[in-house]
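Just below is one structure, and these are the notes that go with it.
The values are calculated or read from the model by the stated rules, or taken from the named source; none is laboratory data. Values in this document were obtained by computation on a predicted structure and should not be read as measured data. Because the Cβ atoms are built from the backbone with ideal geometry, glycine has one as well, and the counts that use them run over all protein chains shown. All accessible areas refer to the heavy atoms of the entire protein, side chains included, with ligands and DNA or RNA removed. Shrake-Rupley method; radii C 1.70, N 1.55, O 1.52, S 1.80 Å.
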Amino acid sequence: MSNLGDSMASKYSDLAWRHSERANEAFQNWTLRKAQEDHAEAMLHAQMATMYAGMAAATKLTS
C-alpha cells in the first residue's frame, strides 16, 4: 500500500471511530431520555461510522 493510501485509510478509520463513539453516546442518551433527536443523532453517527469504515477498507484494498 502506498503512503497516500495508508494515510487516507488511517484518516477514514479515525473518522469511523469518532462517529462510532458519538453514536454510542447518543444511543445512551436516547435510552435515558427517549428523546427523538437523540435517536436521530445516534442513527446518523452510526451510518457515518459505517460509511467511513467502508471507505477505509476500500482504500486499503485498492492501494
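Let's see how each residue does on (1) among the polar types (S, T, N, Q); (2) under 26 Å from G5 (Cβ atoms):
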| position | (1), (2) |
| --- | --- |
| A23 | no, no |
| Q28 | yes, no |
| Q36 | yes, no |
| H45 | no, yes |
| T50 | yes, yes |
| A57 | no, yes |
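Does M1 satisfy the criteria of being within 30 Å of T62 (Cα to Cα), of a type in the set (A, V, I, L, M, F, W, C), modelled with pLDDT under 95 and not in a helix (DSSP H, G or I)?
Values: within 30 Å of T62 (Cα to Cα): yes; of a type in the set (A, V, I, L, M, F, W, C): yes; modelled with pLDDT under 95: yes; not in a helix (DSSP H, G or I): yes.
Yes; evaluated as a whole, the condition is true for this residue.
The set of residues in segment 7-35 being open to solvent by less than 60 Å² (accessible area, probe 1.4 Å), in a helix (DSSP H, G or I) and either polar (S, T, N, Q) or over 17 Å from M51 (Cβ atoms) (or both) consists of S7, S13, S20.
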